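Only one structure is covered here, and it is reproduced in the block below.
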Amino acid sequence: MSDADPGTDPAHLPLLEVENLEVSFFTPDGVVPAVQGVTFSIARGRTLALVGESGSGKSVTSYSILRLIQPPGRIVGGRMLLRSARAGDIDIAQLGEESEMLYKVRGGLVSMIFQEPMTALSPVHTVGSQIAEAILIHQKLNPTQARGLTIEMLKKVGIANAEQRYDHYPHELSGGMRQRVVIAMALVCKPELLIADEPTTALDVTIQAQILGLIKTLQRELGCSVLLITHDFGVVAQMADDVAVMYRGQIVERGDVRAVLKNPQHAYTRALLDALPSRRHAALQSARAAAELAPAEVKS
Amino acid sequence: MNAPNGHVGAVTVQPLLSVRGLCKHFPVMSRGFCSKVVAVVKAVDDVSFDLAPSETLGLVGESGSGKTTTARCVLRAIDPSAGEVFFRLPDGRMVDLATLPARELKPIRQHAQMVFQDPYSSLNPRMTVGDIVGEPLVIHGLARGEELEVRVAEVLARVGLKPEHRLRYPHAFSGWQRQRIGIARALIMKPSLIVCDEATSALDVSVQAQVLDLLKELQREFRLTYLFVAHNLDVVRNFCDRVAVMRKGRIVELAPTTQIFAAPQHAYTKILLSAVPSPDPDVRMNFNVGEELAKLDAAPQP
C-alpha cells in the first residue's frame with residue numbers, strides 16, 4: 001500500500017492507523033485471542049474513545065500501541081502505522097523489542113495515562129524527579145532545565161505550590177493530585193498521541209470533571225490526538241469526536257460520537273446504552289407516564 | 001411507643017431507623033513520643049435522617065464526605081462519638097445502637113446487614129461459598145447441620161447461583177457472581193435493614209444493572225430497607241426513593257430523589273449534578289467545577 005494518495009496533504013492523513021491487529025495469550029490451557037482483527041484510525045488533534053466492558057480487549061489494544069503486551073501475550077498480526085511529524089512513518093508492530101525507535105515511541109511520541117495513578121508512579125521517588133526523568137530521557141536538557149520545565153508543567157496541570165510539590169512523594173498527594181502528576185509526566189515530552197486508559201474511573205465526579213477538562217485543555221494546547229479507553233458512555237459523549245465499541249476482542253461499531261450514541265446500529269451498542277442507569281430511568285419515566293395517560297384516555 | 005422526637009425528611013410512618021445528631025470525630029495526634037491531640041477531624045458531624053420500612057435512602061457524596069463512616073456508625077462497625085441511632089426490632093422495640101453494650105448488640109446485628117463494595121476483598125478466599133454464606137447463621141447459632149445446608153442452598157438459589165456453587169471458592173467467580181455471594185450472605189439472616197456500601201461501584205454497567213434489579217426484587221419480596229451508599233449519582237437516581245447529599249461530614253441536602261435531580265436546592269448539590277458526564281453529547285457537562293467549589297468554600301456559611 002502506498003503511503004499517500006497523490007494530492008493528499010500528509011497532514012490530513014490519520015496520525016495512527018491500526019489495521020487487523022491480532023493479540024493472543026498463549027496459556028497452558030490453550031490460545032486465548034484477546035484482540036481479533038481490530039482496525040481503526042485516529043486523526044490528528046482528535047479524540048477517539050474505545051469503549052467496552054471489562055474483558056472486551058480495549059486495554060490490550062491500547063497496551064499494544066506501546067508494545068507493552070507481556071508474555072504469555074503476543075501481538076500475532078496486523079500493523080500499527082504511526083505517522084509521526086517528528087520521526088516519520090513508523091510501523092509500531094514491526095519495531096524490535098530493544099530498538100531505539102521503540103524507546104522513542106514510548107513516552108516520547110506516544111504516552112499513556114493509567115487508571116490507577118499509584119501504579120504509574122514510583123513510591124520511592126519524588127513526583128518531581130519522576131517527571132524530570134522523562135524529560136532527561138527524551139529531551140536534550142540538563143538537570144536544572146529539566147527541573148524548571150517540570151515545575152512549569154506541574155503548574156500547567158493545576159498543582160498549587162509546584163516548587164514545594166516537586167519534592168513530595170506520591171503518597172503525600174490525593175488521588176486527583178496524583179492523576180494530575182501522571183498527566184504532567186505524560187505530556188511533558190509533548191507526545192503526538194496520548195493514550196488515556198480509564199483516566200478518571202477511580203476518581204470522584206467533581207475531580208473527574210476537572211481532570212477531563214484538563215486533558216481537553218492540554219490537548220488543544222499541544223495539538224495531540226487522544227485515544228481514550230473507557231467504559232463510561234458519559235465520558236465518551238463529553239470527550240470524544242469518534243467512538244469505537246469493542247466486544248469480545250472486536251470492534252462491533254465505529255463512527256462519529258453523536259451518530260453512534262444517538263443512533264446505535266449494532267445490537268450490542270444498543271444493549272450497552274440501554275443498561276445505563278440514566279437510560280433506564282428515562283425508560284421507567286416514560287412507562288410511568290404511559291401508564292398514567294392510559295386511564296385518562298379512557299375517561300375522555 | 002416513644003418514637004424519637006422530630007422528623008427529618010418526608011417520613012410519615014414509624015421509621016425503621018432514626019439517626020439523630022450522629023458524630024464521628026477522629027483525633028489528629030502530633031508527631032513524636034509525647035503525642036497529643038492537635039486537631040479533630042469531623043468525619044461525620046451532626047447527621048440526622050429517618051429511614052421508613054421498605055424505603056431506599058441514598059447517601060451520596062465524594063470520597064471523604066463521610067458517607068461510609070456514617071454507614072459504619074449506623075451498623076456500629078465503629079463507635080460513634082455522639083448521637084443516637086434508633087433501630088426498630090421486628091418485635092417493635094426501639095433500641096439505640098449507638099450506646100448499646102456489645103453483649104446486647106450481637107443478637108441485634110442479624111437484623112442489620114451489610115453488602116460491601118469490593119466483591120474481591122470482602123470474601124475470604126480460603127472459605128467455600130457455602131461456608132461464607134452460612135457463616136452468619138453459624139456465628140449467631142441459628143442453624144446447623146442439615147438445616148444450615150438447606151438454608152444456604154435456598155438463599156443461593158434466590159440470588160441466582162446454583163446449589164453446586166457452594167462447594168467452590170470465591171476465585172472461581174466473576175465480580176458479579178461474587179457480589180451475589182455477598183448479597184446472599186446478607187440475605188440469609190433475614191435482615192430488615194441492609195446497608196449497601198458502594199455495592200455496584202466495582203461492576204460494569206451491564207452487570208451493575210443486574211445487581212440493582214436483583215436488589216429491587218429482593219426488596220419487594222422481603223420488605224427490605226436499604227441504606228444505599230454510593231458516589232454514582234446515575235445509580236442513585238434510578239434506585240433510591242430519597243437522597244441525602246453529604247459533604248464534609250454533613251448532610252447538605254435531603255429530599256425525594258426526583259426533587260434532588262429536578263430542582264436541587266443546595267449550591268453543592270447543583271455543582272455535583274453538573275459534573276456528571278451525560279451520555280447525551282448535546283448535554284454538555286460542567287468542566288469548571290473546581291473553581292465553583294472553591295467559590296462555594298470561600299462564601300460565608302449560613
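Please return the ranges of helices (runs of 4 or more DSSP H) entirely within the range A:89-194 where 3 or more residues are of a type in the set (A, V, I, L, M, F, W, C) and more than 24 Å from A:Val205 (Cβ to Cβ).
On the way: elements: A:100-105, A:117-120, A:127-138, A:143-156, A:162-165, A:175-187.
In the range A:89-194, the matching helices (runs of 4 or more DSSP H) lie at A:100-105, A:127-138, A:143-156.
Sort out which residues of the range B:246-302 are without any contact (Cβ under 8 Å) to a residue 24 or more places away in the chain, polar (S, T, N, Q) and within 13 Å of chain A (Cβ to nearest Cβ), and write them in order of number.
Within the range B:246-302, B:Thr258, B:Ser274, B:Ser278, B:Asn286, B:Asn288 qualify.
For the range B:227-245, which residues satisfy the criterion of being more than 13 Å from chain A (Cβ to nearest Cβ) and of a type in the set (Gly, Ala, Ser)?
Within the range B:227-245, just B:Ala244 meets the criteria.
Which of the residues belonging to the range B:154-165 are within 26 Å of the chain's Cα centre (by Cα), of a type outside the set (Val, Ile, Thr) and surrounded by 18 or more Cβ atoms within 10 Å (Cβ to Cβ)? Break it down stepwise before answering.
Going through the range B:154-165, the residues within 26 Å of the chain's Cα centre (by Cα) turn out to be B:154-161.
Checking which are of a type outside the set (Val, Ile, Thr) leaves us with B:154, B:156-158, B:160-161.
Result: B:Leu156, B:Arg158, B:Leu161.
Please go through the range A:255-274 and give me each residue that is surrounded by fewer than 18 Cβ atoms within 10 Å (Cβ to Cβ) and under 17 Å from A:Phe40 (Cβ atoms), ordered by number. I'd like the intermediate steps shown before the answer.
Going residue by residue through the range A:255-274, those that are surrounded by fewer than 18 Cβ atoms within 10 Å (Cβ to Cβ) are A:255-256, A:258-259, A:262-263, A:265-267, A:270-271, A:274.
Listed by number, the residues that qualify are A:Gly255, A:Asp256, A:Ala259, A:Gln265, A:His266.
In the range A:178-211, what residues are among the hydroxyl-bearing types (Ser, Thr, Tyr), closer than 26 Å to A:Leu16 by Cβ and surrounded by fewer than 24 Cβ atoms within 10 Å (Cβ to Cβ)?
Residues of the range A:178-211 among the hydroxyl-bearing types (Ser, Thr, Tyr): A:200-201, A:206.
Adding the requirement that they be closer than 26 Å to A:Leu16 by Cβ leaves A:200-201.
Once the filter is applied, which keeps residues that are among the hydroxyl-bearing types (Ser, Thr, Tyr), closer than 26 Å to A:Leu16 by Cβ and surrounded by fewer than 24 Cβ atoms within 10 Å (Cβ to Cβ), the range A:178-211 yields only A:Thr201.
Hey, among A:Arg86, A:Arg44, which residue is within 26 Å of A:Met239 (Cβ to Cβ), in contact with a strand residue (DSSP E or B) (Cβ under 8 Å, 6 or more places away or on another chain) and at pLDDT below 95? Spell out the reasoning first.
On the way: A:Arg86 fails: in contact with a strand residue (DSSP E or B) (Cβ under 8 Å, 6 or more places away or on another chain).
Answer to the check: A:Arg44.
What single numbered condition from (1) touching a Lys or Arg at 6+ places or on another chain (Cβ under 8 Å); (2) surrounded by fewer than 15 Cβ atoms within 10 Å (Cβ to Cβ) fails to hold for B:Leu137?
(2)
Step by step: first the residues of the range A:199-219, then only those that are within 12 Å of another protein chain (Cβ to nearest Cβ) and outside any helix (DSSP H, G or I), then the one that is nearest to A:Gly52 (Cα to Cα). Which residue is that? Quick ask: steps written out before the conclusion?
Within the range A:199-219, the subset within 12 Å of another protein chain (Cβ to nearest Cβ) is A:200-217.
Filter once more, keeping what is outside any helix (DSSP H, G or I): A:200-204.
Numbers: A:Thr200: 15, A:Thr201: 14, A:Ala202: 17, A:Leu203: 19, A:Asp204: 21 Å.
The qualifying residue nearest to A:Gly52 (Cα to Cα) is A:Thr201.
Test each condition in (1) outside any loop (DSSP other than H, G, I, E, B); (2) more than 12 Å from chain B (Cβ to nearest Cβ) for A:Gln265 and report the one that comes out false.
Unmet for A:Gln265, out of (1) outside any loop (DSSP other than H, G, I, E, B); (2) more than 12 Å from chain B (Cβ to nearest Cβ): (1).
Is it true that some residue in the range B:83-97 is among the acidic types (Asp, Glu) and either in contact with an Asp or Glu (Cβ under 6 Å, 6 or more places away or on another chain) or crowded, with 22+ Cβ neighbours inside 10 Å (or both)? Working first, answer last.
Taking the range B:83-97 and keeping what is among the acidic types (Asp, Glu), we get B:84, B:91, B:96.
Right, trim to either in contact with an Asp or Glu (Cβ under 6 Å, 6 or more places away or on another chain) or crowded, with 22+ Cβ neighbours inside 10 Å (or both) and you get B:84, B:96.
The answer is yes; a qualifying residue exists.
Return yes or no: is A:Gln145 of a type in the set (S, T, N, Q) and touching a helix residue (DSSP H, G or I) at 6+ places or on another chain (Cβ under 7 Å)? Break it down into steps so the answer makes sense when it comes.
Working: of a type in the set (S, T, N, Q): yes; touching a helix residue (DSSP H, G or I) at 6+ places or on another chain (Cβ under 7 Å): no.
No; evaluated as a whole, the condition is false for this residue.
Give the residues of the range A:220-234 that are surrounded by fewer than 24 Cβ atoms within 10 Å (Cβ to Cβ) and facing chain B (nearest Cβ under 10 Å), sorted by residue number.
Of everything in the range A:220-234, those that are surrounded by fewer than 24 Cβ atoms within 10 Å (Cβ to Cβ) and facing chain B (nearest Cβ under 10 Å) turn out to be A:His231, A:Asp232, A:Gly234.
Select, from B:Gly58, B:Gly66, the only residue that is within 14 Å of another protein chain (Cβ to nearest Cβ), touching a residue at least 12 places away in the same chain (Cβ under 8 Å) and touching a Phe, Trp or Tyr at 6+ places or on another chain (Cβ under 6 Å).
Numbers: B:Gly66 fails: touching a Phe, Trp or Tyr at 6+ places or on another chain (Cβ under 6 Å).
Exactly one of B:Gly58, B:Gly66 is within 14 Å of another protein chain (Cβ to nearest Cβ), touching a residue at least 12 places away in the same chain (Cβ under 8 Å) and touching a Phe, Trp or Tyr at 6+ places or on another chain (Cβ under 6 Å), namely B:Gly58.
Taking strands (runs of 3 or more DSSP E) that fall entirely within the range B:64-125, which contain at least 3 residues that are more than 17 Å from B:Cys196 (Cα to Cα) and at pLDDT 90 or above? Steps first, please.
On the way: elements: B:82-88, B:94-96, B:112-115.
Fully inside the range B:64-125 and qualifying: B:82-88, B:94-96.
This table checks each residue for (1) touching a residue at least 12 places away in the same chain (Cβ under 8 Å); (2) not small (Gly, Ala, Ser).
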{"position": "A:Gly175", "(1), (2)": "yes, no"}
{"position": "A:Arg180", "(1), (2)": "yes, yes"}
{"position": "A:Met185", "(1), (2)": "yes, yes"}
{"position": "A:Val188", "(1), (2)": "yes, yes"}
{"position": "A:Thr201", "(1), (2)": "yes, yes"}
{"position": "A:Ile211", "(1), (2)": "yes, yes"}
{"position": "A:Thr217", "(1), (2)": "no, yes"}
{"position": "A:His231", "(1), (2)": "yes, yes"}
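Just give me the residues in the range A:229-260 being farther than 20 Å from A:Gly55 by Cβ, assigned to a helix (DSSP H, G or I) and in contact with a Leu (Cβ under 7 Å, 6 or more places away or on another chain), in sequence order.
From the range A:229-260, those farther than 20 Å from A:Gly55 by Cβ are A:234, A:237-242, A:255-260; that's our starting set.
If we keep only those that are assigned to a helix (DSSP H, G or I) too, we end up with A:234, A:237-239, A:257-260.
Of everything in the range A:229-260, those that are farther than 20 Å from A:Gly55 by Cβ, assigned to a helix (DSSP H, G or I) and in contact with a Leu (Cβ under 7 Å, 6 or more places away or on another chain) turn out to be A:Ala237, A:Gln238, A:Met239.
The values are calculated or read from the model by the stated rules, or taken from the named source; none is laboratory data. Everything quoted here is computed from the prediction, not taken from an experiment. Backbone-built Cβ (ideal geometry, glycine too); neighbour counts: all protein chains shown.
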